[in-house]
4 protein chains.
Amino acid sequence: MSPATAPRGRPRSAERRVAVLRAASSLFQEVGAAQTSIDAIAARARVAKQTVYRWWPSKAAVLAECAVEGYLTLPSFHAPATGDPRADLTAWLEESYDALETPRFLELFRALNEASGSDPVIAAQLDRVFARQLRQAIRGMLDAAFDAGALRPGIDLDVVTQLLIAHVSAAVTQRADRGDIPALVAVLLHGIGAGPRSRGAPMDTEEPR
Amino acid sequence: MSPATAPRGRPRSAERRVAVLRAASSLFQEVGAAQTSIDAIAARARVAKQTVYRWWPSKAAVLAECAVEGYLTLPSFHAPATGDPRADLTAWLEESYDALETPRFLELFRALNEASGSDPVIAAQLDRVFARQLRQAIRGMLDAAFDAGALRPGIDLDVVTQLLIAHVSAAVTQRADRGDIPALVAVLLHGIGAGPRSRGAPMDTEEPR
Amino acid sequence: MSPATAPRGRPRSAERRVAVLRAASSLFQEVGAAQTSIDAIAARARVAKQTVYRWWPSKAAVLAECAVEGYLTLPSFHAPATGDPRADLTAWLEESYDALETPRFLELFRALNEASGSDPVIAAQLDRVFARQLRQAIRGMLDAAFDAGALRPGIDLDVVTQLLIAHVSAAVTQRADRGDIPALVAVLLHGIGAGPRSRGAPMDTEEPR
Amino acid sequence: MSPATAPRGRPRSAERRVAVLRAASSLFQEVGAAQTSIDAIAARARVAKQTVYRWWPSKAAVLAECAVEGYLTLPSFHAPATGDPRADLTAWLEESYDALETPRFLELFRALNEASGSDPVIAAQLDRVFARQLRQAIRGMLDAAFDAGALRPGIDLDVVTQLLIAHVSAAVTQRADRGDIPALVAVLLHGIGAGPRSRGAPMDTEEPR
DNA sequence: TGTTAAGCGAGACGGTACGTCAGGTCTTGCT
DNA sequence: AGCAAGACCTGACGTACCGTCTCGCTTAACA
């Protein structure tokens, strides 16, 4: 349909593009995003600095593309979906905490977060890929629980997902105490409000046997 | 007790200290923390650059001290405590979202967050002041609700506080949709788990009358 | 007589050649030769940069061709030839000084000079055109004077021409004081050596009446 | 008398100044001024690039200061002063031509000339030193000749000096043919104008015996 | 009344990275 | 083969900011 105006001039070299992304990824993971300069990326990619600047407006943009294109070794965003929300949530939270305790990942998370903050376009780009993955994982977990009859109907699962992501994200900056996980799961499962069932009966953080 | 060996030499000038903090604060708020250089702070404070470096190890430290000493105009961290947790939570969340929609505050938040990330000492310093304030405010809100019998006993209020702070912090980076507030509050109040009371009865986000 | 092997492929476009020369000339005169880049020339000529490089090895070559082909507005190199060497020389020197006081010309002169310095081929090319013109003009002036009996026979007029050109060229860099013209003319006419006629009689810079 | 406002701040390091001048001089002479970058100067001087830029606005300024301060090996500007103008002029011109045939010097001359053209301040600076030296040398030569009675009185020696400098300078760009020297000297000594003495008698370029 | 130790203003300095510019070359597809 | 378009490499540019240093001067407590 649309002839799309045949591209003129020498086409962009796909080879150099991946060279840059590869070089950048390795540097980001070796010395950290903050310590990586555009010069260093270009040098390692054996590419002229101008070629980097031609295609990416900033280091943050390179970082984002690296992340989106899967050049960074990031923890996988899967979540168990056994149908038991307490167990699944606990497992997912612990795994997430683990990832954040890996300094390499923590630094990448921070850098990606900062990149998001610096440019809404990058934020959207990263959100489109990562948050979506995360959301799907968590959603799968919650759906399984729902199917098992373990969730109350009518819940806005997106909100729950947001809450979980936020909690883990916050752990990047603030200290995260894994001892709090059971209490957190309990709050998520039962809420904080007094209901007919719970009033007067101190809730235990352990599953009632 | 110990006379602490009276300090020798010319004592630190309190005047220059506040000059620096004032200059830094105004620059942080005018052009943003990222765009503010130490040179600029020193120049505006009519102080030698070395004087800044003598007392603060980094720009982040200056920023933190500005925040802690109240030189930055930040939104107050109070929360209503009427005893009605649904109303209080909703009001507090809305107010928080408002603050984050102010670009000036948003940038400061980001900068403070980054400062926390860069240095654990600064993180602790900021936490001691802000998180404490926030925690107290939220705690007051929750305590009032508890006293009114609106909360289930046995809840780990610290965990709830953390969750709320995390949610709002995350909104700095990710987009926050205020339309989600009712659903969020509902999840917090009732939890997501199926209980005897709720099974089969779709939960409404409004309090059942 | 050799048919010179008919050229294969698309022949050189005369149209683009003049486009380049025109664009270059206008840029040279508008912003100066030093401030003109090949990219800018190509862009203004609506020609690919490679097309410039295909036919001219350097910016200096383009400049030289502009000059030789008459695309640059340069002062005309005529000289009066009334037969009165004092008057003619004075007039020609004054006119030359005038041209050098026009910043536009001065810059072009400098650029042409530098181009000559950078490449002997260009130097020869420019010399063939300009110096020849100049030499002819001056030669005409001197010949007329000689015919009028105002010059001593046996003079190497080429040397005189060289001397005059050198004097004017030097004025490009060093400051030229037009007040010196009479003295200069006097030196040229009478020489500096003591002769039978002049010894003891202070030479005046004005023609003795 | 004048307190001259005591200099404040860390004083300029004389050591680095000479380091820069030395490094620049050696580079200028090794690879030529055009091929020398500020980065290279700073690197060889083991000095930060900013330190160069702090004190010299351009490479031309560095070059000029190198020349003025005597860091460049330039031909000495002396001239014989035997009292015989023909011999002295001839000797001086030949020596000058020699210098210009040394590629190293020729390039330096060109660079200095270009530097003069780029900035009037530099031009004045160089003129103050070099032209003055040259003028003195030539003047000495002419004065000796005058004292020996070989020069006509009333000559503007400055003009002659200018003429000579111009002639040699022009030889930088245009080809200089040493075979012309005798004719040139003859013109200078006797002038080109017909005088009572010379009319009808073809002037020889050799001293009449 | 010095003497001594530190604070301080001013600004030079080494260092690193920045983002841009210009000169040339190369790679498409079209003429 | 000429040519437009534009990617690409190379190398230099001039600037910004960092954190340190080196002056001379000031301000106190100490001797």
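The values are calculated or read from the model by the stated rules, or taken from the named source; none is laboratory data. Values in this document were obtained by computation on a predicted structure and should not be read as measured data. Here the Cβ positions follow ideal geometry from the backbone for every residue, glycine too, while neighbour counts run over all protein chains shown. With ligands, DNA and RNA removed, areas are computed over all heavy atoms of the protein, side chains included. Shrake-Rupley method; radii C 1.70, N 1.55, O 1.52, S 1.80 Å.
Surface composition of the protein assembly as shown: carbon plus sulfur atoms hold 53% of the accessible area, using a 1.4 angstrom probe and ignoring ligands, DNA and RNA. Each listed q (0.20, 0.27, 0.29 Å⁻¹) maps to a log10 I(q)/I(0) for the range B:89-131, found by the Debye formula over equal Cα scatterers with no solvent: -0.70, -0.90, -0.93.
Placing +1 on the Cβ of every Lys and Arg and -1 on the Cβ of every Asp and Glu, with nothing else charged, gives the protein assembly as shown a dipole about its Cα centre of roughly 520 debye. Within chain B, the selection of entire DSSP H helices by a Cα span of 20 Å or greater along the long axis and an average Kyte-Doolittle value of at least -1.0 returns B:14-31, B:85-101, B:103-118, B:132-147, B:157-173. Between the beta carbons of D:Y53 and D:V121, assuming R0 = 25 Å, the FRET efficiency works out to 0.90 to the nearest 0.05.
Kirkwood hydrodynamic radius for the protein assembly as shown: how many Å is it when counted over pairs of different Cα atoms?
Details: mean 1/r = 0.0283 Å⁻¹.
Answer for the protein assembly as shown: a Kirkwood hydrodynamic radius of 35.4 Å.
Think of the range B:19-150 as a dipole: +1 on every Lys or Arg Cβ, -1 on every Asp or Glu Cβ, centred on the Cα centre; then among B:I122, B:A42, B:G83, B:A42 lies furthest on the positive end.
Of all chain A residues, the closest to the A-onto-B rotation axis by Cβ, with that distance in whole Å, is A:G191, 2. Which number comes out as Rg/Rh for the range B:85-190 once both Rg and the Kirkwood Rh are worked out on C-alpha atoms? That ratio is 0.98, to two decimals. Taking 10 °C and 1.306 mPa s as conditions, the range C:14-68 diffuses translationally at an estimated 150 µm²/s according to Stokes-Einstein applied to its Kirkwood radius (Cα pairs).
In loop segments of the range A:29-89 as defined by DSSP, the trypsin sites (Lys or Arg not before Pro) with at most 13 further C-beta atoms inside 10 Å of their C-beta are A:R46.
A 1.4 Å probe over all protein chains sorts A:I155, B:I192 by accessible area into A:I155, B:I192, starting with the largest. On a per residue basis, chain B carries 51 Å² of accessible surface, using protein heavy atoms and a 1.4 Å probe.
In summary, the aspartates and glutamates within cross-link reach of D:K49, defined as a Cα separation below 14 angstrom excluding same-chain residues under 8 places away, comprise D:D39. The B and A chains share an interface that buries close to 4300 Å² of accessible area, total over both sides, probe 1.4 Å. Considering only A:A183, A:G32, B:I192, the residue lying farthest towards the positive end of the dipole of the protein assembly as shown is A:G32, judged by Cα position with unit charges set on Cβ.
If you find the alpha carbon centre of the range C:21-75 and of the range D:127-149, how far apart are they in angstrom? When both Cα centres are located, 43 Å separates them.
For chain C, a Gaussian network of Cα nodes joined below 10 Å ranks C:A87, C:A67, C:A166 by mean-square fluctuation, and the top entry is C:A166.
Computed from the alpha carbon atoms alone, the convex hull of chain C holds 164 Å³ per residue. Label point of D:R104 (7 Å along Cα→beta-carbon): distances to the other copies' equivalent points are 4.4, 5.6, 6.6 nm, sorted ascending. With bins 10 Å wide beginning at 0, the percent of Cα pairs of the range D:61-100 falling in each bin runs 28, 35, 27, 11.
Dividing the summed -39500 (n - 2.57) terms of all DSSP H runs of n ≥ 4 by the residue count of chain C sets its mean residue ellipticity at 222 nm at -19000 deg cm²/dmol. Position B:A124: other-copy label points at 4.3, 6.3, 8.1 nm, ordered by increasing distance, label point 7 Å along Cα→C-beta.
In this assembly of identical copies, the label point of A:P11 (Cα plus 7 Å along Cα-to-Cβ) is separated from its counterparts by 3.6, 6.7, 7.5 nm, sorted shortest first. The loop-placed GluC sites (Glu not before Pro) in the range A:1-99, going by DSSP, that have at most 14 neighbouring Cβ atoms within 10 Å of their Cβ come out as A:E69. Please name which of A:V20, C:W55, A:I165 has its Cα lying farthest along the dipole of the protein assembly as shown towards the positive end, using unit charges on Cβ (Lys, Arg +1; Asp, Glu -1) and the Cα centre as origin. Selected residue: A:V20.
Rounded to the nearest 0.05, the FRET efficiency derived from the C-beta distance between D:R8 and B:T82 at R0 = 45 Å is 0.10.
This model, with +1 at the C-beta of Lys and Arg and -1 at the C-beta of Asp and Glu, gives chain D a dipole about its Cα centre of some 1200 debye.
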